[in-house]
Amino acid sequence: MSAAPLHPGERLARTTLRRYDLPAGQPPADLLETIEEKVGVPVLIDRFNDGEIAGVLLRRADGENFIAVNADQLPVRQRFTLAHEWGHIEAGHTPRVELAADLFGGRSKDPQEIEANYFAAELLAPRDALVSWLTEHEHIADVNADTIAQMAMHFGIAFPTTCYRLERAGVIDNTRKEELVRTLGAQGRTFAQRFEGSRHIDALEEIADQGSYPRVPQITDRYASDALKVNLIDQEEYEEIMGTRDRLDAWLT
(Lines give C-alpha, C1' and ligand atoms only; values in the text may rest on other atoms or scores of the structure.)
Protein backbone atom coordinates (compact mmCIF):
# COMPACT_ATOMS: atom_id res chain seq x y z
CA MET A 1 0.00 0.00 0.00
CA SER A 2 1.16 3.51 -0.72
CA ALA A 3 0.18 6.79 0.89
CA ALA A 4 -2.42 8.97 -0.82
CA PRO A 5 -1.11 12.14 -2.48
CA LEU A 6 -1.22 15.12 -0.17
CA HIS A 7 -4.39 17.17 -0.48
CA PRO A 8 -3.79 20.96 -0.68
CA GLY A 9 -5.31 21.25 2.81
CA GLU A 10 -2.77 18.77 4.17
CA ARG A 11 0.09 20.63 2.50
CA LEU A 12 -1.19 23.88 3.97
CA ALA A 13 -1.20 22.35 7.46
CA ARG A 14 2.45 21.36 7.07
CA THR A 15 3.36 24.82 5.80
CA THR A 16 1.47 26.42 8.67
CA LEU A 17 3.37 24.42 11.29
CA ARG A 18 6.65 25.64 9.82
CA ARG A 19 5.44 29.24 9.58
CA TYR A 20 4.68 29.36 13.30
CA ASP A 21 7.88 27.51 14.25
CA LEU A 22 5.92 24.50 15.51
CA PRO A 23 7.51 21.03 15.40
CA ALA A 24 7.05 19.47 11.96
CA GLY A 25 5.19 16.19 11.80
CA GLN A 26 3.65 16.64 15.25
CA PRO A 27 0.29 18.04 16.35
CA PRO A 28 0.33 21.18 18.52
CA ALA A 29 0.50 20.13 22.17
CA ASP A 30 -2.32 22.52 23.06
CA LEU A 31 -4.32 23.78 20.11
CA LEU A 32 -6.27 26.46 21.99
CA GLU A 33 -3.10 27.99 23.42
CA THR A 34 -1.37 27.80 20.03
CA ILE A 35 -4.14 29.63 18.18
CA GLU A 36 -4.52 32.37 20.78
CA GLU A 37 -0.88 32.90 21.71
CA LYS A 38 0.99 32.14 18.48
CA VAL A 39 -1.57 32.88 15.79
CA GLY A 40 -3.20 35.71 17.73
CA VAL A 41 -6.83 34.76 17.12
CA PRO A 42 -9.26 35.13 20.06
CA VAL A 43 -11.34 32.03 20.80
CA LEU A 44 -14.63 31.89 22.68
CA ILE A 45 -15.92 28.53 23.87
CA ASP A 46 -19.53 28.61 24.99
CA ARG A 47 -22.78 26.72 24.82
CA PHE A 48 -24.78 27.52 21.71
CA ASN A 49 -27.84 25.50 22.79
CA ASP A 50 -27.86 24.22 19.22
CA GLY A 51 -26.13 20.92 18.50
CA GLU A 52 -26.32 21.48 14.74
CA ILE A 53 -23.73 24.26 14.90
CA ALA A 54 -20.09 23.33 15.53
CA GLY A 55 -18.52 26.76 15.48
CA VAL A 56 -18.35 30.20 13.94
CA LEU A 57 -15.61 32.12 12.16
CA LEU A 58 -16.04 35.90 12.17
CA ARG A 59 -13.86 38.55 10.52
CA ARG A 60 -13.86 42.26 11.19
CA ALA A 61 -13.53 44.89 8.47
CA ASP A 62 -9.85 45.32 9.41
CA GLY A 63 -9.20 41.62 8.74
CA GLU A 64 -9.01 40.49 12.36
CA ASN A 65 -10.47 37.02 12.91
CA PHE A 66 -12.51 35.63 15.81
CA ILE A 67 -13.45 32.00 16.47
CA ALA A 68 -16.34 30.69 18.56
CA VAL A 69 -16.61 26.97 19.34
CA ASN A 70 -19.76 25.20 20.53
CA ALA A 71 -19.24 23.76 24.02
CA ASP A 72 -22.30 21.56 23.51
CA GLN A 73 -19.98 19.38 21.39
CA LEU A 74 -17.54 17.00 23.08
CA PRO A 75 -13.89 18.14 23.35
CA VAL A 76 -12.75 15.85 20.53
CA ARG A 77 -15.18 17.66 18.23
CA GLN A 78 -14.32 21.07 19.67
CA ARG A 79 -10.68 20.33 18.89
CA PHE A 80 -11.43 19.41 15.29
CA THR A 81 -13.68 22.46 14.88
CA LEU A 82 -10.95 24.75 16.19
CA ALA A 83 -8.36 23.22 13.84
CA HIS A 84 -10.86 23.47 10.97
CA GLU A 85 -11.43 27.19 11.61
CA TRP A 86 -7.68 27.76 11.70
CA GLY A 87 -7.54 26.09 8.31
CA HIS A 88 -10.13 28.53 6.93
CA ILE A 89 -8.04 31.43 8.23
CA GLU A 90 -4.76 30.15 6.78
CA ALA A 91 -6.40 29.44 3.42
CA GLY A 92 -8.04 32.87 3.29
CA HIS A 93 -11.54 31.42 3.18
CA THR A 94 -14.70 33.37 3.84
CA PRO A 95 -16.15 33.67 7.38
CA ARG A 96 -19.00 31.28 8.13
CA VAL A 97 -21.22 29.45 10.58
CA GLU A 98 -20.08 25.82 10.68
CA LEU A 99 -22.64 23.03 10.69
CA ALA A 100 -21.68 19.87 12.54
CA ALA A 101 -22.91 17.81 9.58
CA ASP A 102 -20.34 19.46 7.32
CA LEU A 103 -17.44 18.87 9.69
CA PHE A 104 -18.28 15.45 11.03
CA GLY A 105 -20.75 13.96 8.59
CA GLY A 106 -18.69 14.12 5.42
CA ARG A 107 -21.63 15.65 3.54
CA SER A 108 -20.22 18.97 2.41
CA LYS A 109 -19.31 19.49 -1.25
CA ASP A 110 -17.98 22.98 -0.57
CA PRO A 111 -14.28 23.04 -1.63
CA GLN A 112 -13.44 25.41 1.22
CA GLU A 113 -14.99 23.08 3.80
CA ILE A 114 -13.19 20.08 2.31
CA GLU A 115 -9.84 21.90 2.33
CA ALA A 116 -10.32 23.00 5.95
CA ASN A 117 -11.20 19.43 6.95
CA TYR A 118 -8.01 18.09 5.37
CA PHE A 119 -6.07 20.87 7.09
CA ALA A 120 -7.54 19.93 10.48
CA ALA A 121 -6.92 16.22 9.97
CA GLU A 122 -3.25 16.68 9.04
CA LEU A 123 -2.74 19.25 11.80
CA LEU A 124 -4.17 17.05 14.57
CA ALA A 125 -2.95 13.71 13.21
CA PRO A 126 0.04 14.26 10.92
CA ARG A 127 0.83 11.22 8.81
CA ASP A 128 4.45 11.15 10.02
CA ALA A 129 3.35 11.27 13.65
CA LEU A 130 0.90 8.40 13.16
CA VAL A 131 3.48 6.17 11.52
CA SER A 132 6.06 7.04 14.18
CA TRP A 133 3.58 6.18 16.93
CA LEU A 134 2.79 2.83 15.34
CA THR A 135 6.45 2.01 14.91
CA GLU A 136 7.27 3.00 18.48
CA HIS A 137 4.45 0.81 19.82
CA GLU A 138 5.28 -2.05 17.43
CA HIS A 139 1.82 -2.00 15.85
CA ILE A 140 2.80 -1.03 12.32
CA ALA A 141 2.13 -4.53 10.95
CA ASP A 142 -1.00 -5.28 12.98
CA VAL A 143 -3.45 -2.39 13.22
CA ASN A 144 -6.54 -3.53 15.11
CA ALA A 145 -9.36 -1.82 17.00
CA ASP A 146 -7.29 -1.61 20.18
CA THR A 147 -4.56 0.17 18.23
CA ILE A 148 -7.00 2.66 16.73
CA ALA A 149 -8.61 3.42 20.08
CA GLN A 150 -5.30 4.00 21.84
CA MET A 151 -4.02 6.19 18.99
CA ALA A 152 -7.22 8.21 18.87
CA MET A 153 -7.13 8.87 22.60
CA HIS A 154 -3.44 9.82 22.40
CA PHE A 155 -3.88 12.28 19.52
CA GLY A 156 -7.23 13.62 20.72
CA ILE A 157 -9.15 12.74 17.57
CA ALA A 158 -12.22 10.62 16.84
CA PHE A 159 -11.98 6.89 16.14
CA PRO A 160 -13.23 7.18 12.52
CA THR A 161 -10.80 10.05 11.85
CA THR A 162 -7.93 7.84 13.00
CA CYS A 163 -9.00 5.11 10.59
CA TYR A 164 -9.21 7.53 7.67
CA ARG A 165 -5.83 9.04 8.52
CA LEU A 166 -4.14 5.64 8.56
CA GLU A 167 -5.66 4.84 5.18
CA ARG A 168 -4.29 8.10 3.75
CA ALA A 169 -0.90 7.30 5.25
CA GLY A 170 -0.92 3.97 3.41
CA VAL A 171 -0.89 1.90 6.59
CA ILE A 172 -4.25 0.17 5.99
CA ASP A 173 -6.39 -0.31 2.89
CA ASN A 174 -9.99 0.77 2.37
CA THR A 175 -11.44 -2.64 3.29
CA ARG A 176 -9.59 -2.74 6.60
CA LYS A 177 -10.53 0.86 7.31
CA GLU A 178 -14.22 0.13 6.86
CA GLU A 179 -13.96 -2.96 9.09
CA LEU A 180 -12.35 -0.94 11.86
CA VAL A 181 -14.86 1.91 11.54
CA ARG A 182 -17.73 -0.59 11.92
CA THR A 183 -16.12 -2.36 14.90
CA LEU A 184 -15.38 0.85 16.73
CA GLY A 185 -18.80 2.25 15.89
CA ALA A 186 -20.44 -0.75 17.55
CA GLN A 187 -18.12 -1.01 20.57
CA GLY A 188 -16.59 2.45 20.79
CA ARG A 189 -17.48 3.12 24.41
CA THR A 190 -15.80 -0.10 25.54
CA PHE A 191 -12.61 0.78 23.70
CA ALA A 192 -12.65 4.36 24.97
CA GLN A 193 -12.95 3.16 28.57
CA ARG A 194 -10.14 0.67 28.04
CA PHE A 195 -7.71 3.39 26.97
CA GLU A 196 -8.95 6.24 29.15
CA GLY A 197 -5.43 6.56 30.55
CA SER A 198 -4.14 7.52 27.10
CA ARG A 199 -6.56 10.45 26.75
CA HIS A 200 -5.02 13.61 25.33
CA ILE A 201 -5.32 16.30 27.99
CA ASP A 202 -5.23 19.91 26.82
CA ALA A 203 -7.04 23.13 27.69
CA LEU A 204 -10.18 22.00 25.87
CA GLU A 205 -10.36 18.80 27.92
CA GLU A 206 -9.72 20.66 31.17
CA ILE A 207 -12.37 23.29 30.43
CA ALA A 208 -14.88 20.56 29.62
CA ASP A 209 -13.99 18.59 32.76
CA GLN A 210 -14.56 21.70 34.88
CA GLY A 211 -17.63 22.80 32.93
CA SER A 212 -16.26 26.34 33.04
CA TYR A 213 -18.25 27.91 30.23
CA PRO A 214 -18.21 30.45 28.81
CA ARG A 215 -14.47 30.38 28.38
CA VAL A 216 -13.75 33.89 27.11
CA PRO A 217 -10.74 34.69 24.91
CA GLN A 218 -7.49 35.28 26.75
CA ILE A 219 -7.26 38.83 25.44
CA THR A 220 -10.66 39.58 27.01
CA ASP A 221 -9.44 38.07 30.26
CA ARG A 222 -6.34 40.29 30.25
CA TYR A 223 -8.24 43.47 29.40
CA ALA A 224 -10.88 42.80 32.05
CA SER A 225 -8.24 42.01 34.69
CA ASP A 226 -6.32 45.19 33.87
CA ALA A 227 -9.52 47.25 33.99
CA LEU A 228 -10.40 45.78 37.38
CA LYS A 229 -6.95 46.59 38.78
CA VAL A 230 -7.25 50.29 37.89
CA ASN A 231 -10.92 50.49 38.97
CA LEU A 232 -12.34 51.05 35.50
CA ILE A 233 -14.79 48.26 36.29
CA ASP A 234 -15.89 46.76 39.61
CA GLN A 235 -15.89 43.11 40.67
CA GLU A 236 -19.49 42.56 39.62
CA GLU A 237 -18.82 43.92 36.13
CA TYR A 238 -15.67 41.81 35.89
CA GLU A 239 -17.63 38.66 36.73
CA GLU A 240 -20.25 39.56 34.14
CA ILE A 241 -17.57 39.95 31.45
CA MET A 242 -15.83 36.73 32.40
CA GLY A 243 -19.07 34.78 32.63
CA THR A 244 -18.29 33.65 36.18
CA ARG A 245 -21.01 35.42 38.11
CA ASP A 246 -23.69 32.77 37.72
CA ARG A 247 -21.23 29.97 38.49
CA LEU A 248 -20.10 31.74 41.67
CA ASP A 249 -23.66 32.43 42.75
CA ALA A 250 -24.49 28.73 42.35
CA TRP A 251 -22.24 27.93 45.31
CA LEU A 252 -24.13 30.31 47.54
CA THR A 253 -27.59 28.73 47.16
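General observations
- If you go through the range 34-49 and keep only what is surrounded by 15 or more Cβ atoms within 10 Å (Cβ to Cβ), touching a residue at least 40 places away in the same chain (Cβ under 8 Å) and outside any loop (DSSP other than H, G, I, E, B), you end up with ILE35, GLU36, VAL39, VAL43, LEU44, ILE45, ASP46.
- Taking the range 190-218 as the range and being loosely packed, with under 14 Cβ neighbours inside 10 Å and either at pLDDT below 85 or on the phi > 0 side of the Ramachandran plot (or both) as the test, only GLY211 passes.
- Residue under evaluation ILE157, criteria (1) without any contact (Cβ under 8 Å) to a residue 60 or more places away in the chain; (2) not in a helix (DSSP H, G or I), criterion not met: (1)
- Test result for ASN70, surrounded by 20 or more Cβ atoms within 10 Å (Cβ to Cβ), without any contact (Cβ under 8 Å) to a residue 40 or more places away in the chain, over 25 Å from LEU6 (Cα atoms) and assigned by TED's automatic domain parsing to the domain that holds LEU32: yes
- On the stretch given as the range 74-89, residues that are surrounded by 22 or more Cβ atoms within 10 Å (Cβ to Cβ) and either farther than 15 Å from ALA203 by Cα or more than 11 Å from the chain's Cα centre (by Cα) (or both) total 5.
- Qualifying positions in the range 111-152 - of a type in the set (Val, Ile, Thr) and surrounded by 17 or more Cβ atoms within 10 Å (Cβ to Cβ): VAL131, VAL143, THR147, ILE148
- Test set (1) among the acidic types (Asp, Glu); (2) without any contact (Cβ under 8 Å) to a residue 24 or more places away in the chain; (3) farther than 17 Å from GLY87 by Cα - ASP128 fails condition number: (2)
- Single residue of the range 50-101 satisfying the filter (in a helix (DSSP H, G or I) and farther than 18 Å from LEU123 by Cα) that is modelled with the highest pLDDT: ALA100
- Per the listing GLY92, GLY105, GLY9, GLY25, the residue uniquely crowded, with 20+ Cβ neighbours inside 10 Å and more than 13 Å from the chain's Cα centre (by Cα) is GLY9.
- Pairs, first touching a residue at least 24 places away in the same chain (Cβ under 8 Å) in the range 95-111, second of a type outside the set (Asp, Glu) and surrounded by fewer than 12 Cβ atoms within 10 Å (Cβ to Cβ), C-beta under 7 Å, six or more apart: ALA100/GLY51; ALA101/ARG107
The values are calculated or read from the model by the stated rules, or taken from the named source; none is laboratory data. These numbers come from a predicted model, not from an experiment. Every residue, glycine among them, receives a Cβ derived from its backbone with ideal geometry; neighbour counts consider all protein chains shown.
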